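Peer 1: Here it is: the structure, laid out below.
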Amino acid sequence: MGTTAREEMSRFWEKNTKSNRPLSPHVTIYKWSLPMAMSITHRGTGVALSLGVSLFGLAALVLPEQFPHYLAQVRALSLGPALLCSAKFLLAFPFCYHTWNGIRHLV
Amino acid sequence: PLSVPTALSLLRRPAVLAAAHRSAPARDSHGPAGQGHGGSKAASLHWTGERAVSVLLLGLLPAAYLCPGPAVDYSLAAALTLHGHWGLGQVITDYVHGDTAIKVANTGLYALSAATFAGLCYFNYHDVGICKAVAMLWSL
């Protein structure tokens, strides 16, 4: 029946890692296009959001106090509105980008 | 102009896209390219599952805004964790090579997703819950 795709892929990678060949430049020289940029941003925002959610979940398990306590602590810092707005933007932007681009992928 | 799949293959190291026999599930995030010789349907089902969870998660967003509560909280915890787990799984499939490395990475991912889900459920049960937390955070 021949080789499976998986076998061929492992052979490819074994041969190439063994020969220690340099990787030819790809992302550094190729002209960036909008689809490429949007796609990698989608992936980047996805990974960042995932790690953020995981951090939140782990924090919930590890931290002694409840959420309102920490929120009150942040409120007590009396941060300026510009800082608070920027922080919200930093959270909202990856979320919105990933959501809207995700819809684009689904459609 | 280069088509999107070709452009994307520049970002991903594995160059082999045509597979006569799909033995590895979750390889192709652009949809099944045809089952060909009647291999297992695992990859195709996984792909469909990914889209289904994405749509579900999308629907949960207005639900969280309009009717916050434990039902939406726990659904969000589940959908969010699963969507993230599958997404990170695709990232691992694309960039991690070598049998042991792949196994280690996927095991780590399972651990992370399990802990995340546990943490989110714990938060929903013992704390204010996801919907309320987002509302409170945004009211700062």
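The values are calculated or read from the model by the stated rules, or taken from the named source; none is laboratory data. Computed from a predicted structure; not experimentally measured. FYI the Cβ positions are ideal-geometry reconstructions off the backbone, even for glycines, and counts take in every protein chain you see.
Peer 1: Check the stretch B:96-106 and report whether any residue there is of a type outside the set (S, T, N, Q), within 11 Å of chain A (Cβ to nearest Cβ) and touching a Leu at 6+ places or on another chain (Cβ under 8 Å).
Peer 2: So far as the stretch B:96-106 goes, no, none of its residues is of a type outside the set (S, T, N, Q), within 11 Å of chain A (Cβ to nearest Cβ) and touching a Leu at 6+ places or on another chain (Cβ under 8 Å).
Peer 1: Moving on. From B:Thr81, B:Thr93, B:Thr107, which residue is surrounded by fewer than 18 Cβ atoms within 10 Å (Cβ to Cβ) and not small (Gly, Ala, Ser)?
Peer 2: Selected residue: B:Thr107, the only one of B:Thr81, B:Thr93, B:Thr107 that is surrounded by fewer than 18 Cβ atoms within 10 Å (Cβ to Cβ) and not small (Gly, Ala, Ser).
Peer 1: If you scan the stretch B:76-101, which residues turn out to be over 20 Å from A:Gly44 (Cα atoms) and of a type in the set (Val, Ile, Thr)?
Peer 2: B:Thr100
Peer 1: So, in the stretch A:86-107, how many residues would count as being more than 30 Å from B:Ala52 (Cα to Cα) and surrounded by 13 or more Cβ atoms within 10 Å (Cβ to Cβ)?
Peer 2: Total satisfying the criteria: 1.
Peer 1: Of (1) on the phi > 0 side of the Ramachandran plot; (2) at the interface with chain B (Cβ under 7 Å from one of its Cβ atoms), A:Arg75 satisfies all except one. Which?
Peer 2: So the condition that A:Arg75 fails would be (1).
Peer 1: The conditions are (1) more than 9 Å from every other protein chain (Cβ to nearest Cβ); (2) assigned to a helix (DSSP H, G or I); (3) modelled with pLDDT of 90 or more, and A:Pro64 fails exactly one of them. Which is it?
Peer 2: (2)
Peer 1: Considering only the stretch B:60-76, state which residues are touching a residue at least 24 places away in the same chain (Cβ under 8 Å) and either under 21 Å from the mean Cα position of the chain (by Cα) or under 16 Å from B:Thr116 (Cβ atoms) (or both).
Peer 2: B:Ala64, B:Val72, B:Asp73, B:Tyr74, B:Leu76
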